[in-house]
1. Which values, in whole Å and largest first, are the semi-axes of the equivalent ellipsoid of region 52-172 obtained as the square root of 5 times each eigenvalue of the Cα gyration tensor?
2. Amide H of THR611: which non-local residues (sequence gap of 5 or more, or other chain) have their own amide H closer than 5 Å, using H built in the peptide plane?
3. Quick one: Kirkwood hydrodynamic radius for region 431-508, alpha-carbon pairs, angstrom, one decimal?
4. Can you tell me the equivalent ellipsoid semi-axes for region 244-289? Use √(5λ) from the Cα gyration tensor, largest first, whole Å.
5. How large is ³J(HN,Hα) for each residue in region 215-225, as worked out from phi by the Karplus curve 6.51 cos²θ - 1.76 cosθ + 1.60 (θ = phi - 60°), to whole Hz, x for Gly and Pro?
6. Using 0.36 nm per residue, how much length does the chain from THR156 to ASP402 gain when fully extended, once their Cα-Cα distance is taken away?
7. Radius of gyration and Dmax for the chain's Cα atoms, expressed in Å?
8. log₁₀ I(q)/I(0) of region 350-496 at q = 0.09, 0.11, 0.13, 0.15 Å⁻¹, via Debye over equal Cα point scatterers, no solvent, to two decimals?
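Here, each number is a calculation from the coordinates, and none is a lab measurement. Here the structure is a predicted model, which is why all the values come from computation and not from measurement. Cβ sites come from the backbone with ideal geometry, for glycine too, and all protein chains shown count toward neighbours.
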Amino acid sequence: MPQLLYRFGVQILSLVRGLFCLHLAVFVWLAFADSHLAGKSHAFELFGSKKQEEKTEDIAVVDPLFYTVSFDIKGLDTSEEEFIKNRSALFADQSRPVSGSLGLLTKARSDRDLLIGSLFELAHYSALVTIYVDGRPADQIPPTSEIGTGETVPVTISIVAGRKFTFGDIRLQGDAGLNLEEFGIYSGVPASSNLIIESQDKIVAELRQQGYPLAEIVDTSVEADHDTGLLDIYIQYLSGPMASIGEVIVKGAEAVDADFIRQQVLIEPGNNYSPALLAKARARLLDLNLFNSVTVTEGDQLDSAGGLPVIIEVTERKMRYFGVGTTYSNSEGAGVEGYWGHRNLYGRGENLRIELGASRLDEISDLSNINFNSAILFEKPGTPIPGATFTANIKAASENYDAFESQSVSGGFGINYRLDEKQTLSVALDAEWSEITDAGVETNHLIFSAPIEYAYDGSNDRLDPTTGSRLSILLEPAHDLETQSSFVKARVTGSIYHTPKASEFLTIAARASVGTIVGADLNNIPADRRFYAGGGGSVRGFTFQAVGPRDATGDLTGGRSILEMSLEARIQITDKLGIVPFVDAGSVSQDTGFDFSDMRYGVGAGLRYKTAVGPLRLDIGIPIDRRPGEDSFGIYAGIGQAF
């Protein structure tokens, strides 16, 4: 049996370069064909996205008139004064001229109304605001008057704030048993106009959340007593009937099947109405990557069965796409990748993607040193059940690293299931045939594995997170038919992101990863399945896979356990540019336990430049306690944060 498998494997290995060439030919043909399909749905993506530059032009001001602004404020504390000044359009725009005297008077009168509203937000309902233009109240200057001809006009904003009002008698009337205290309005607290407006929105939102989609505020009255400084408020609401989901109507779908869209939103006529349910439906559709926009709205009245119609309107993306991307580090060399894809092969979100990549391109003088990889990936959402996605792949790779060399062909299929908006569970069955040269010894492997992965993503951005956390847990049992070895590979990786409230320009990011392989000795675990550390996504400053144990001849052996940690301070200097000082640490051990005695450290800093598709990244890392033969620094470039 092993001899038969070996002969079969040799034949398979001969297909590796053939598969790569086939993938390349198909990729080039499809990309060429797409670029000549006039009027068809296709798009070129650089780093996975498109960006259209917008141009703006300054419009010349007719009869320009310049002015300066000063304030005369009484009755406000320092923070309130700052708030009012920041609300003044006259103050904010004083470096730019207005269009003549009429333009200045119009702006002054508009600013007065704006400032009165802002004082109401501060609960000053008896405030007096007067704006003087060239020494005269703006309200008393005729619109046809000429002001300050040829000179800069002085403008004074005079504010007498008066007393601050508090809530007095508060009443909320309706049929759902709500009270105003639930929404932040109490007798005796400052009577901010914003609080009154927000409370009405919250009342309606709460009623909608309870299943009353037609809830509304039917009456609001506010009475200010200037003698006592109390503001009495009365709000009346009508909850309306409790509703269920009615007919689900799909609009805008052309290439995507409307019934498929209804299946993916996971809402059925008769479900209890909930705004959260509709928000989740919209998120599910956006996650399919089939639509540029998705809006989910409700009908304005119930149907005869008491259901509320739901209208889903979509704008479809270009279904065909292709693109290129590059990476670089001084230790790992330059890399390039290309891909072609179709998002909607048969009208129900079936995604086909062909990928080609090459790295270590600085070794182009010897093609055997270049790494090649190719893959055909397929996904079918809603299979076998809504919320699940069926995946299948076939891959071919030729890899040449300092630790080992390998050629492989692999394939597999699996199911990804979204537990909720943040959690995903994946299971798969994979098979891989490989020929590996490790420390001069060539071995063949035929491995069947069943990886199971749980992923949690609570971060606020996939490529540039500033808050939240992530967690990945991988468990992969495997069996090698060639060596009759069985082993289980496990790895847990977590990261957190924190932006202090006191500073919007600093994000602290931390990452930790631990892994172990049990069930087999190191020599019975294929070299490409072992753990290695070092490189741009690991311990920066070191060459790719260069951190870890070595044999007596100095060759890297890889290990059965790994520990990695990273800490970054992501500092935004401008809207586009940022710097990132970092420290990384890592250790690999031949044993299953974690070895802290040989931790390696790298420190450095990087530049980040924000783009529409995420930050461009350039990192320079320096190894601490550098050993003979190790590089003195590492340079890494790519897109997205390091983790």
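1. Those come to 30, 19, 13 Å.
2. Amide H neighbours of THR611, under 5 Å, 5+ apart: LEU616.
3. Working: mean 1/r = 0.0634 Å⁻¹.
Computed over Cα pairs of region 431-508, the Kirkwood hydrodynamic radius comes out at 15.8 Å.
4. 18, 13, 8
5. Each residue's phi maps through the Karplus curve to give 4, 7, 8, 9, 7, 9, 9, 10, 10, 9, 9 Hz.
6. 81.2 nm
7. 32.6, 103
8. -0.38, -0.57, -0.79, -1.02
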